[in-house]
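The values are calculated or read from the model by the stated rules, or taken from the named source; none is laboratory data. These numbers were taken from a predicted model, which means no experiment stands behind them. All Cβ positions, glycine included, derive from the backbone under ideal geometry; neighbour counts span all protein chains shown.
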Amino acid sequence: MPHHEDNPVPLGSPDLCFDSRSFTKEHFSVDEFLQEHRNRANLEAMRDDLGMYLKVLRSAMIDLINKDYADFVDLSSNLIGLDVGISRIQVPLGQLREELIHVKQSLEGAMNEVNNQLAVRRELRDRKRSLRSLSRVHSSLKKLRALLAQGDGQATPAVVEPLILERATSEYVQLLFHTKKCQKDLKDSDSKEFEQVDSLLIAGVNKLFLQSIHSGSEGRNGLQQCLSFYHTLNRLDSAENLYRKKIVAPVMQKLINQHSLKSLPGGLPALYGRIIDFIDGEMKILMEVTQKFNRLVRDCQCNFLLRSFWPEVEERIETELSPIFAAGDPDVFYKRYKDTLNFLEVLSERCGSRKGVIELHSHPNFLSFMERWNLPVYFQLRFQEIVRQIEKSFASEEWAAKRADWKLLASETAWDCLLRCWEDDVFLLPIAHKFWKLSLQIVSRYVVWAKKVISNVDGKKKTGLNFLVCLYTDVESLNRKLPEIETLSKSKIPKVNDETSSLLKRSLDEMRTELDRLLEEMNEAIVKTLCVENVAYLQQVNNIPRLFRRTNREAPTKPLPYVLSILDGPNSFFQSYQHHPKSRFWLQTMFSRITKQYYSSVDDVLNSVKKTEESLRRLKKARDKSSNVVTTNDQRVGDDNKIRQQLLVDVHAYLAGVESFGLKKGSVEQLAELLLLVGASQTQ
């Protein structure tokens, strides 16, 4: 039976529905086994295969027992007398153990002694190295004093010679190295002397640096050497601080102040121009040398523009020109802020690389400088300015617009204020989100005002109807123009991502939806206003029977005045707004409502006439039976026919009036039914 050499459990037949090696896994689980193999065979087949493998295991177990049976039988006999042998070797083993322990202790003692001797030797070696370094320190200090001291031996900078400074710098590096090696042996006098030498060396390099700065183009080599000295001494920050203190600060002290700002004809832009001129003039050679130096040295680079020039300029502007940050006058604040942004843009160009621009914009002084510009206060002032203008137009009694593209002053002002938010002398990119929100608020406020106006318009006055039509026209125009605000905003905001663009469009679409709802309300208001007087005229339909009953009026051939009165208002409206694209829609909706009421009134009159006729017919029939007299046509029946005839004439005149506005009979609700109603009444 096949099996692994290290595993006595035999393998099953490959024809089995499972792998027999699964049973020898360290974490065998019956549930997992069944879950894994249930799709390979049904339970009956698995049971049969398990039975076959069980037989294999039993056979293997029997073979294993038979193979080692002799050893099992001889095991008991081999153990006889084993305890006597163990007792016999117990004493010699104990003695051997004692000897081994003694040898171990001897070896440990020898090792400890050796370690102690090695530690002493190590201390002596370190001490020797420290003393050797101390000797070298004294030698270097003496050598540096000789290099840096003048002829009288005083501790002052010597005549600045680049070669001497180069030798002194190299020696100073050695001095630093050996000083770290003998810290324990240094005396206070050595430390003081070290500080003196350090000061003398830095003073010498500083003097050469300033001489090279003042030498102009002839000092390029000197500047290159000085930067190398500073880098070797790990003191590039000393060069940057020195340049700021000795070169930048005196110039900026004279340039950046209130007197200079007022005396310059160009004001703040001219002042910023002078500051940039300092970079292009005084700092040009230094920046060229620094750029070349930084290409050679990558681990520690210097930046005089960022660490010498900018901190001094920024602090001077904040302290000496603090009034420029005041936001009291938004127009002045805007101009100063834009002038400053232009200055910073030019300054960023002078950085020379994208990395330099990033370092400038992340510099603490830059961040502090930008925070001084109180943009929230500026926006609040603009907000009040724009809102005040809008509210003034809403409250104005003069509602006519000044330009031809708008009808109402309020609409014209709202649109102007929307554009105002994005004008070049108002909009600022850092608060773009606030101006977008203000734009949406302007539209929302306009909608609220329009709804209030609609509810308060006097429909009985012609001016009220004219106002509503003008307002409707303006709302349509505003809704049509709103996408221009989205386009305008995107032109002002660079690099708008897809998500932001989607949010802008969605918020603007919500405002357009509000305007669409407002247009629906205005349609209702205009139609309702047109219907106000006409409803009163329709009440005269109920008076038609009184005109003909018990009277000798002739049969009607002309419509009654109420029909002309109903058509008079729409006719006047149509004459004024016949070119308006919604005029026929409003008239159609109005006539549909009037026709429904007209139909109801005519139907009531005809029903009343019919009931009267039936009542008279019954009365006549009863009277005829009692008197046995046959009468001619009753006068009342003739009056009722005149009433029906008058209604027919009126309705046809009404139809002619409706069609005179270009409306078809089928477009006005219940107009065809009204014609059928009065037509059918003639046959009764």
Right, Glu398: closer than 15 Å to Ile485 by Cβ, outside any helix (DSSP H, G or I), out of contact with any Cys (no Cβ under 8 Å at 6 or more places or on another chain) and without any contact (Cβ under 8 Å) to a residue 60 or more places away in the chain or not? no
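Scan the range 301-310 and give yes if some residue there is under 25 Å from Gln253 (Cα atoms), touching a residue at least 40 places away in the same chain (Cβ under 8 Å) and within 32 Å of the chain's Cα centre (by Cα), otherwise no.
Within the range 301-310, the first condition is being under 25 Å from Gln253 (Cα atoms), and the residues that meet it are 302-310.
Filter once more, keeping what is touching a residue at least 40 places away in the same chain (Cβ under 8 Å): 302-310.
Among the residues that remain, those that are also within 32 Å of the chain's Cα centre (by Cα) are: 306, 310.
The answer is yes, given that some residue of the range 301-310 is under 25 Å from Gln253 (Cα atoms), touching a residue at least 40 places away in the same chain (Cβ under 8 Å) and within 32 Å of the chain's Cα centre (by Cα).
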Conditions (1) in contact (Cβ under 8 Å) with a residue 60 or more places away in the chain; (2) in a helix (DSSP H, G or I) -> Lys355 fails only (1)
Can you tell me how many residues in the range 285-300 are crowded, with 16+ Cβ neighbours inside 10 Å and either touching a strand residue (DSSP E or B) at 6+ places or on another chain (Cβ under 6 Å) or without any contact (Cβ under 8 Å) to a residue 40 or more places away in the chain (or both)? 1
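Can you find a residue that is assigned by TED's automatic domain parsing to the domain that holds Trp422, β-branched (Val, Ile, Thr) and exposed (fewer than 13 other Cβ atoms within 10 Å of the Cβ) anywhere in the range 555-574?
No - not one qualifying residue is present in the range 555-574.
Could you pull out the residue among Val313, Val251 that is surrounded by 18 or more Cβ atoms within 10 Å (Cβ to Cβ), aliphatic (A, V, I, L, M) and modelled with pLDDT of 90 or more? Can you show your working first?
Working: Val251 fails: surrounded by 18 or more Cβ atoms within 10 Å (Cβ to Cβ).
Every option except Val313 fails the conditions.
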Looking at Thr487, Thr513, Thr473, can you tell me which residue is farther than 23 Å from Lys402 by Cβ and either assigned by TED's automatic domain parsing to the domain that holds Trp436 or in contact with a strand residue (DSSP E or B) (Cβ under 6 Å, 6 or more places away or on another chain) (or both)? Thr487
Would you confirm, using the coordinates I've provided, whether Asn542 is at pLDDT 85 or above and closer than 30 Å to Ser477 by Cα? no
Please find, among Phe278, Phe309, Phe333, the residue that is over 19 Å from Lys246 (Cα atoms) and assigned to a helix (DSSP H, G or I). Phe333
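In the range 192-207, is there at least one residue being in a helix (DSSP H, G or I), modelled with pLDDT of 85 or more and surrounded by 15 or more Cβ atoms within 10 Å (Cβ to Cβ)? Can you show your working first?
Initial filter on the range 192-207 (in a helix (DSSP H, G or I)): 192-207.
Subset that is modelled with pLDDT of 85 or more: 206-207.
Pick out the ones that are also surrounded by 15 or more Cβ atoms within 10 Å (Cβ to Cβ) and you get 206-207.
Scanning the range 192-207, I find at least one residue that is in a helix (DSSP H, G or I), modelled with pLDDT of 85 or more and surrounded by 15 or more Cβ atoms within 10 Å (Cβ to Cβ), so the answer is yes.
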Give me the residue from the range 221-264 that is of a type in the set (D, E, K, R) and out of contact with any Asp or Glu (no Cβ under 6 Å at 6 or more places or on another chain) and, out of that set, farthest from Ile275 (Cα to Cα). Arg235
Please list, ordered by first then second residue, the pairs with beta carbon atoms under 8 Å, 6 or more apart or interchain, first in the range 525-550 and free of Cβ contacts under 8 Å to residues at least 40 places away in the same chain, second in a helix (DSSP H, G or I) and surrounded by 16 or more Cβ atoms within 10 Å (Cβ to Cβ). Tyr537/Tyr562; Tyr537/Ile566; Gln540/Tyr562
Subset of the range 281-299 (residues that are β-branched (Val, Ile, Thr) and not in a helix (DSSP H, G or I)): Val297
Going residue by residue through the range 402-421, is there one that turns out to be small (Gly, Ala, Ser), under 27 Å from the mean Cα position of the chain (by Cα) and surrounded by 12 or more Cβ atoms within 10 Å (Cβ to Cβ)? yes
Which residues, counting only those in the range 235-267, are in a helix (DSSP H, G or I), farther than 12 Å from Arg307 by Cβ and of a type in the set (A, V, I, L, M)? Ile247, Ala249, Val251, Met252, Leu255, Leu261
Of all residues making up the range 348-364, the number that are within 21 Å of Gly273 (Cβ to Cβ) and touching an Asp or Glu at 6+ places or on another chain (Cβ under 9 Å): 3
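Condition (residue is under 28 Å from Phe661 (Cβ atoms) and of a type outside the set (A, V, I, L, M, F, W, C)) applied to the range 497-513: is it met by at least one residue?
Looking through the range 497-513, none of the residues is under 28 Å from Phe661 (Cβ atoms) and of a type outside the set (A, V, I, L, M, F, W, C).
Restricting attention to the range 554-572, does a residue exist that is within 60 Å of the chain's Cα centre (by Cα) and of a type in the set (Ser, Thr, Tyr)? Give the steps one after another, and end with the answer.
Of the range 554-572, the ones within 60 Å of the chain's Cα centre (by Cα) are 566-572.
Checking which are of a type in the set (Ser, Thr, Tyr) leaves us with 572.
Yes, because at least one residue in the range 554-572 is within 60 Å of the chain's Cα centre (by Cα) and of a type in the set (Ser, Thr, Tyr).
Residues Lys452, Lys505, Lys495: which one is of a type in the set (D, E, K, R), closer than 22 Å to Glu398 by Cβ and without any contact (Cβ under 8 Å) to a residue 24 or more places away in the chain?
Going through Lys452, Lys505, Lys495 in turn, the sole match is Lys452.
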